[in-house]
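Visitor: Okay, here's the structure, questions in a sec.
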Amino acid sequence: MNRITWDEPDGSWGIKGVELQTLSSKVYGALYKLMDYEKTGLSPKQVEKMDLLYTEKCKEVAKMEKELKKQGKVCEPEYLGENVVIGCRDGRCNCGNLVRSYQNFCDNCGVKLEWDCVRG
Ligand SMILES: [Zn+2]
């Protein structure tokens, strides 16, 4: 993609042949947004494709998590309390094992631990 704007690691930026300080703040702001966007190196079509793909993948993950929950392969641990020493939440897996909120899986039965909804 050919860029209209340029930028440097020190934060300076511009457009070849344009004196930015002569522009109104609205135009300056719009061009700054353009520069920010151009730094991604992506075309608008690529961004749209990426967004669609991301949405699709999120739906797939949600569907898979729902299925895993149904199969009992995901567990929302029972909340036991805040562990202020370690800085996490303590919980109990459905298998009875004590688990902590930094664990993604129970080290006893192997189920995926779902901590998002676990609160005291
Ligand atoms: Zn377990």
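Visitor: Run the helix sum for the chain: -39,500 (n - 2.57) per DSSP H stretch of 4+ residues, divided by residue count, reported at 222 nm to the nearest 500 deg cm²/dmol.
Guide: -12000 deg cm²/dmol
Visitor: Give K49/K112; K69/K112; K49/K69 a once-over and call out the pairs whose C-alpha atoms are over 21 Å from each other.
Guide: Working: K49/K112 30 Å; K69/K112 9 Å; K49/K69 30 Å.
Violating the 21 Å limit, Cα to Cα: K49/K112; K49/K69.
Visitor: Would you mind estimating how fast the chain diffuses translationally, via Stokes-Einstein at 10 °C and 1.306 mPa s with the Kirkwood radius over Cα pairs, in µm²/s?
Guide: Answer from the Stokes-Einstein relation: 84 µm²/s.
Visitor: If you fit an axis through the alpha-carbon atoms of helix 44-70 and take the longest principal axis of the Cα set of the chain, what angle between them do you get, 0 to 90°, nearest 10?
Guide: 10 degrees
Visitor: Straight-line reach from K57: which aspartates and glutamates have Cα under 18 Å away, leaving out those fewer than 8 places along the same chain?
Guide: E48, E65, E67
Visitor: Helix 25-38: angle to the longest alpha-carbon principal axis of the chain, degrees 0 to 90, nearest 10?
Guide: Result, in degrees: 60.
Visitor: In addition: Can you give me the relative contact order of the chain as a percent, contacts being Cα pairs under 8 Å and 6 or more apart?
Guide: Answer for the chain is 16 percent.
Visitor: Which translational diffusion coefficient, to the nearest whole µm²/s, is obtained for segment 74-113 from the Stokes-Einstein equation, given a Kirkwood hydrodynamic radius over C-alpha pairs, 37 °C and 0.692 mPa s?
Guide: Stokes-Einstein gives a translational diffusion coefficient of 333 µm²/s.
Visitor: Just add up the charged neighbours of A30: K/R +1, D/E -1, any other residue whose Cβ is under 15 Å from the Cβ of A30.
Guide: 0
Visitor: For the chain, modelled as a Gaussian network with Cα springs under 10 Å, which listed residue fluctuates most, K39, K16, K59?
Guide: Looking only at K39, K16, K59, the largest GNM fluctuation is found for K16.
Visitor: Pairing rule first: another cysteine's C-beta must sit under 4.7 Å. Under that rule, which cysteines of the chain stay single?
Guide: C58, C75, C88, C117
Visitor: Using amide H atoms built 1.01 Å from N in the peptide plane, name the residues 5+ places from R89, or on other chains, whose amide H lies under 5 Å from its own.
Guide: Hits under the 5 Å cutoff: N83, S101, Y102.
Visitor: If the reach is capped at under 24 angstrom between alpha carbons, list the lysines near K16, excluding any in the same chain fewer than eight residues apart.
Guide: By straight Cα distance, K16 reaches K26, K33, K39.
Visitor: Which of I15, I86 has the fewest other C-beta atoms within 10 Å, and how do the rest follow up to the most? Each step should come with its number before you reach the end.
Guide: Numbers: I15 15, I86 11.
With the sparsest Cβ surroundings first, the list reads I86, I15.
Visitor: Between segment 52-81 and segment 87-101, what's the alpha-carbon centroid distance in Å?
Guide: Going from one Cα centre to the other spans 18 Å.
Visitor: Still on this model: Among V111, V61, which comes first, second and so on when ranked by fewest other beta-carbon atoms within 10 Å?
Guide: In order of increasing Cβ crowding within 10 Å: V61, V111.
A short reminder: the numbers here are calculations on the coordinates, not readings from a lab. Just so we're clear, the structure is a prediction, and the values are computed from it rather than from any experiment. Don't worry about glycine lacking a Cβ; one is built from the backbone with ideal geometry, like all the others, and counts go over all protein chains shown.
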